[in-house]
Amino acid sequence: MRLIFDLDGTLVDSLPDIHAAAAATSIELGHSPLDLETIRSFIGHGVEPLVIDIMTASGAEGDRAAWIEVFSRHYGHDNSTLTRPYDGVVEALAALAPLARMGLCTNKPHALALGVLEVLRLGPFEVVIGGDSLPQKKPDPAPLLAAAAALGDGPVLYVGDSEVDAATAHAAGMDFALFTGGYRKTPAGQLPHLFLFDDWNDLPSLVQSIR
């Protein structure tokens, strides 16, 4: 079996670090910081869409590339200070490792994703596909299909937390497990899923039940 995971909002709560970088960016470029919940609603599509949403919400005009550069500098400098795994993630990954080959598929830039995994000692993942690994980003199915191909043959389950993840799995023709504790805005029942869970301690037994 192949298990592929999203990162932000699924394995880790990275919102505090993303919000801090967004606030520092806004201040540096002469705007008031946006609140935590507003930034939460922007997460999931990658850095560039996030920064564009920040600019739009702030009424900012000007060079998008400059905003992206400033945000990337702030976030890349210290993107794991406040980020933490959700309760039970470390234990669940350890329990799942003997059951399946595991990979990661995220819209976070590849180097930043690797940094989070290293600092928080998450894994083991045989493949990590980031938002800049391919020309396409989720919800295009290409990144998820690439991660699955790198893990070989067998059934695939994609584990994520958001509308983007559900749409990606659907487009790739893969089963989807929805973690309900992340950054999703749509009611869980409205997203296509094989099963949903709100406690990471439950995931190993759920996976065993479908193997």
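The values are calculated or read from the model by the stated rules, or taken from the named source; none is laboratory data. Bear in mind the structure is a predicted one, so any value in this text is a computation, not a measurement. Note that each Cβ is placed from the backbone with ideal geometry, even for glycine, and that neighbours are counted across all protein chains shown.
Scanning segment 151-162 for residues that are within 21 Å of ASP198 (Cβ to Cβ) and part of a loop (DSSP other than H, G, I, E, B) turns up ASP161, SER162. Answer yes or no: is there a residue in segment 104-120 that is without any contact (Cβ under 8 Å) to a residue 60 or more places away in the chain, under 24 Å from HIS19 (Cβ atoms) and assigned to a loop (DSSP other than H, G, I, E, B). The answer is no; no qualifying residue exists.
Of all residues assigned to segment 105-113, none qualifies as being over 20 Å from TYR183 (Cβ atoms) and surrounded by 18 or more Cβ atoms within 10 Å (Cβ to Cβ). Considering only residues in segment 163-193 that are loosely packed, with under 15 Cβ neighbours inside 10 Å and assigned to a loop (DSSP other than H, G, I, E, B), the one that is modelled with the lowest pLDDT turns out to be LYS185. I'm trying to understand the selection: among the residues of segment 32-88, which are assigned to a helix (DSSP H, G or I), surrounded by 13 or more Cβ atoms within 10 Å (Cβ to Cβ) and among the β-branched types (Val, Ile, Thr)? Across segment 32-88, the qualifying residues are THR38, ILE39, VAL47, VAL51, ILE52, ILE54, ILE68, VAL70.
Is at least one residue of segment 104-116 over 16 Å from the mean Cα position of the chain (by Cα) and either modelled with pLDDT under 95 or polar (S, T, N, Q) (or both)? The answer is no; no qualifying residue exists. Scanning segment 118-136 for residues that are within 22 Å of PHE42 (Cα to Cα) and surrounded by fewer than 22 Cβ atoms within 10 Å (Cβ to Cβ) yields a count of 6.
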